[in-house]
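The structure under discussion appears below in the form of C-alpha cells.
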Amino acid sequence: MKCAVCGTGRVILKRMKNQEPVCKECFLRCFEDEVYEAIVQSNLFKKKEIVAIGASGGKDSTCLIHVLHTINQRYQMELDLRLVAVDEGIAGYRNHSLNCVEENAKIYGLPLTIISFKELFGYTMDEINAVVGEKKSKCTHCGVFRRKALDIGCEKIGAEIIALGHNADDIAETVLMNLFRGDVGRLERTCEIRSGSDITPDLLTKLQEEMKSHPAMVEYVDQRQYPFGLTPKVKPFKYAYQREIVLYVHYLQLKYFSVECTYAPVSFRGYARQFLLKSQAIDSSIIMNIVHSGERMKLMPQFANRAGDKSIMKLCTRCGFVSSQHLCQSCLLLDQLIRDDPAHPQNIDCIARSAHVLSNPLPDIEDTGG
C-alpha cells in the first residue's frame, strides 16, 4: 500500500480523522501543517508576540514545544517562544520530568522559567497530600494552584498568552467530566481553542479599574492587558488526537518523561478516560464527535443565568487574582489547608508570597538561551 499523500512512501499508519494511509514523512508534515492551520484560522498568535509554552516534560508539552518551534521557523511567524514550568513538589515524578524540560530548553535554545508551589504557596503537593489524606483526590488543589502559578510565570517573562498541550482526547474527557458532574457553567467554555471569549470589554475595564486600588495589583495596571487569572490560554492541539501525538513524538524520538503522576490513579478524570477508551473500541471517531458536540453546545437562557454571570467577577481581596467571590479558589484552598494542618505554625500571607514571587528572581529560574 502506498501513501495517499505522496503516492510513493511506505505506509506506516492510517490517520485517525479519516483513516487515510500515510508514510512517516507525510504524517509528520501533515500533523505540523494541521496545527499551523488551526493557529491561523483561530488567530491564536500575533507576530513578535511573547508566547509562554506550558512545559511539563510530558509527551504533549514536549510535542507542542517541537511543533511550535518548527512552524515558527518554517512559516516565519516571528513568535518569541519561552517555556514556563511548574514544580508542584511531587518526589520521584516532577523532579524527573523537569529534567526533560531543562534538556528540551537547551535543545531548542528557549529560555525556561520554573515556578514552585513551595515558593508560591508554602506547600508542595506531597505536603498537601499529607494534610488532605491519601484517599482524597489532590487534582483540585494541583489544578487550581497550577493555573495560578502559570499566570505568575507569564508575568515573570512578559507574556500575556500561554500555549498548552491539551489535545482532542483531553477536551473530550473534560466535556464528559462536566456532564458527569452537572457543571453546566463550564460546558460552553470547555471546547474553546482560546479562553476568554466570554470576557467583554466592559468587564475588562471594570477589573482594570479595581486593580488601581488593589494593594497587590496597583503596580501592574499599566503593564498588563489582562488581570491576573484571565491570561488567555490557547490549545493549538485542539484537533490533534493523543494517539497521533504519541506517534509523532516516537518517530522523531523527542525527549519526554512518560511516567504517570503519582496522584493520577485517584483522579476523577481517570473515569472519563476509561469510558472513552472503551467507547473508542466501538467507534474510533467518538473523540472528535464529542469535541464537535461540545463546540455546538449552548445553554438555554434560564440555565445560562444559573451557570454563572461573568459580570459578578471581581478581584480576590487577598491576592488580586480574578474571582467570583471575595477570595479566589486558590486562597480558599490554601486557608483550608492551613486550618487542617496541625503542623503549620502560622497563617500564610498570600499577598506577600505572590508579590515576592512576582518581584524577585526565583532561585530555580534558568535562562538556557534565547
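The table below gives the values:
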item: Qualifying position, being out of contact with any Pro (no Cβ under 8 Å at 6 or more places or on another chain), modelled with pLDDT of 90 or more and not in a helix (DSSP H, G or I), among Ala159, Ala172; result: Ala159
item: All positions within region 153-191 that are within 21 Å of Glu49 (Cα to Cα), open to solvent by 20 Å² or more (accessible area, probe 1.4 Å) and of a type in the set (Gly, Ala, Ser); result: Gly158
item: Helices (runs of 4 or more DSSP H) wholly inside region 277-357 containing at least 1 residues that are modelled with pLDDT of 85 or more, touching a Phe, Trp or Tyr at 6+ places or on another chain (Cβ under 6 Å) and surrounded by fewer than 17 Cβ atoms within 10 Å (Cβ to Cβ); result: none
item: Residue satisfying condition, being outside any loop (DSSP other than H, G, I, E, B), surrounded by fewer than 19 Cβ atoms within 10 Å (Cβ to Cβ), in contact (Cβ under 8 Å) with a residue 12 or more places away in the chain and among the aromatic types (Phe, Trp, Tyr), within set Tyr251, Tyr226; result: Tyr251
item: Matching entry among Leu81, Leu68 (being crowded, with 21+ Cβ neighbours inside 10 Å, closer than 29 Å to Arg94 by Cβ and out of contact with any helix residue (DSSP H, G or I) (no Cβ under 7 Å at 6 or more places or on another chain)); result: Leu68
item: Members of region 177-223 found to be more than 22 Å from the chain's Cα centre (by Cα), in a loop (DSSP other than H, G, I, E, B) and of a type in the set (Gly, Ala, Ser), listed by number; result: Gly182, Ala216
item: Filter result for Tyr93 (at pLDDT 95 or above, of a type in the set (Phe, Trp, Tyr) and within 28 Å of Gln253 (Cβ to Cβ)); result: no
item: Filtered residue count, region 127-152, keeping only those that are open to solvent by 50 Å² or more (accessible area, probe 1.4 Å) and either of a type outside the set (Lys, Arg) or more than 27 Å from Asp341 (Cα to Cα) (or both); result: 5
item: Pairs with Cβ under 6 Å, 6+ apart, first in region 174-201 and under 22 Å from Ala38 (Cβ atoms), second assigned to a loop (DSSP other than H, G, I, E, B) and charged (D, E, K, R); result: Ile193/Lys235; Ile193/Lys238
item: Verdict on Thr231 being of a type outside the set (A, V, I, L, M, F, W, C), over 30 Å from Asn18 (Cα atoms) and without any contact (Cβ under 8 Å) to a residue 12 or more places away in the chain; result: no
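Conditions tested, residue by residue: (1) surrounded by fewer than 17 Cβ atoms within 10 Å (Cβ to Cβ); (2) under 22 Å from the mean Cα position of the chain (by Cα); (3) touching a residue at least 12 places away in the same chain (Cβ under 8 Å).
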position	(1), (2), (3)
Gly7	yes, no, no
Arg10	yes, no, yes
Phe31	no, yes, yes
Lys48	yes, yes, yes
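The values are calculated or read from the model by the stated rules, or taken from the named source; none is laboratory data. Since the model is a prediction, treat every value here as computed from it, not as a measurement. Reconstructed Cβ throughout: ideal geometry from the backbone, glycine too, with neighbour counts over all protein chains shown. Just so you know, the surface numbers come from the protein's heavy atoms only, side chains and all, with ligands and any DNA or RNA stripped out. Shrake-Rupley method; radii C 1.70, N 1.55, O 1.52, S 1.80 Å.
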